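Below: one structure, written as structure tokens.
The values are calculated or read from the model by the stated rules, or taken from the named source; none is laboratory data. On a predicted model such as this, the values are computed, not experimentally measured, just so you know. Ligands, DNA and RNA are stripped out before the accessible areas are found, and what is left, the full protein with its side chains, is counted by its heavy atoms. Shrake-Rupley method; radii C 1.70, N 1.55, O 1.52, S 1.80 Å.
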Amino acid sequence: MPPDANFEQSSAAFLKCFVKPADSAKARRELPLLRQEGQSVETYAAKFNNMNNRITEGTAIDSTTLAIYFQQGLARRISSALVSSQTIATMQNLALVMAAAEEIESKLDLSVEQAQVEVPAPGNPHSNKQGRFSNTGSGNANSQFGTSIRTSVC
């Protein structure tokens, strides 16, 4: 659902009345320097939007510039994946960059979880509590059951 125009106008008017010019100038200086630093993309995006909303003096920062600032502050692994997987049109829109970064973070976190699947130690089938089997490279595919079936490549 798109944001209500009246709400957006009211929010902007409220902030303009209650944010001090010095706070606005400080937010304008600090926004390009904001970094993700160990936070989730969602948390970083919320802080980024909060700081951007405090900029009430002078001209508004355009979406392309905001998207560049946001992308530059992302963790390297997310930023690299974002740049290599997104179109130029996406990279010029702050909302699209934020959504894409959250999706990439989710996929990267999932792949890390999958890479951490417990593998049994060679010769110890009980070390795998989850019941997964692994070929340890010994050529003995069923050694954990006490049988000896040799695998060979023709």
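Numbers for the structure displayed
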read-out	value
Number of positions in segment 24-36 that are farther than 19 Å from L96 by Cα and either open to solvent by 70 Å² or more (accessible area, probe 1.4 Å) or modelled with pLDDT of 95 or more (or both)	5
Residues being within 11 Å of the chain's Cα centre (by Cα) and of a type in the set (D, E, K, R) - total across segment 22-46	1
Pick from segment 100-138, criterion in a helix (DSSP H, G or I), among the charged types (D, E, K, R) and open to solvent by less than 90 Å² (accessible area, probe 1.4 Å), ranking: modelled with the lowest pLDDT	D109
Selection within segment 42-61 - under 14 Å from N93 (Cα atoms) and at pLDDT below 95	I61
